[in-house]
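In what follows, a single structure is set out as structure tokens and then discussed.
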Amino acid sequence: MVLSGLATALQPVLTLAFALEVVLAPLAWLSAWQSYFSGSSHLVNRLTFGKQVTRTQLDHVSLLAARNSPASMAHGNIAMFNWDGTSAVAEIPTPVLLIAGADDIVTKPEASLTIAAWCAKPQLHVVADANHMSFLDRGPEYHQVIAEYAKQRIGQVAPKIN
């Protein structure tokens, strides 16, 4: 992710902040709703979209963020600090489709290349001018990639009927 070195250096402080957020979840939830109604959550979420995001898409994601339990999000963030899926990904025997946004600031394209290297049978598709939430603002392109991959896979595993 962008600024991953800083996040790693601040991991003890961030872990403490997330643990505090769990304890103070009701206040954190009020803060999340205040951010939603003031528009500041929209500004932050805008950073994760590509150029084609609509106001409706941005508002939808911001509303979902306000509705999420801050305690659940904090637990998830703490868990991500120590999570390593390398062995799990390497054990997938079937082909895997990876779709990466070329401009993704959360899961950088280099991460997708690394994940692809761990997979036994990867197929990586990088979407130009796409960010972390571009599966929404570039939905038709993502849908097309997934549909083509599914057709390809069905053709490989389905028996031929004469």
task: Note down all Cβ pairs under 9 Å where the first residue falls in the stretch 66-90 and is at positive phi, the second is part of a helix (DSSP H, G or I), and they're at least six residues apart or on different chains.
output: none
- prompt: Which of (1) at pLDDT below 95; (2) assigned to a helix (DSSP H, G or I); (3) within 26 Å of Arg138 (Cα to Cα) is the odd one out, the single condition His60 does not satisfy?
  reply: (1)
query: Any residue at all in the stretch 93-103 that is assigned to a helix (DSSP H, G or I) and touching a residue at least 12 places away in the same chain (Cβ under 8 Å)?
result: no
message: When you scan the stretch 47-61, do you find a residue that is among the polar types (S, T, N, Q), in contact (Cβ under 8 Å) with a residue 12 or more places away in the chain and farther than 24 Å from Ala100 by Cβ, even just one?
response: no
query: If you check every pair at least six apart or on different chains, which have Cβ atoms under 8 Å apart with a residue in the stretch 1-23 that is within 16 Å of Ser69 (Cβ to Cβ) first and a residue that is polar (S, T, N, Q) and modelled with pLDDT under 95 second?
result: Phe18/Asn77
query: If you scan the stretch 104-136, which residues turn out to be among the hydroxyl-bearing types (Ser, Thr, Tyr), within 20 Å of Leu58 (Cβ to Cβ) and in a helix (DSSP H, G or I)?
result: Ser134
- request: Sort through Phe49, Phe18 and tell me the only one that's surrounded by 12 or more Cβ atoms within 10 Å (Cβ to Cβ), of a type in the set (Phe, Trp, Tyr) and not in a helix (DSSP H, G or I).
  value: Phe49
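With respect to Ala128, determine if the residue is aliphatic (A, V, I, L, M) and either modelled with pLDDT of 95 or more or crowded, with 16+ Cβ neighbours inside 10 Å (or both).
Answer is no for this residue.
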- request: Would you tally the residues in the stretch 69-89 being surrounded by 13 or more Cβ atoms within 10 Å (Cβ to Cβ) and either farther than 25 Å from Thr114 by Cα or modelled with pLDDT under 90 (or both)?
  value: 8
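The values are calculated or read from the model by the stated rules, or taken from the named source; none is laboratory data. Everything numeric in this text was worked out from a predicted model, so none of it was measured. Please note: Cβ atoms are built from the backbone with ideal geometry, for glycine as well, and neighbour counts cover all protein chains shown.
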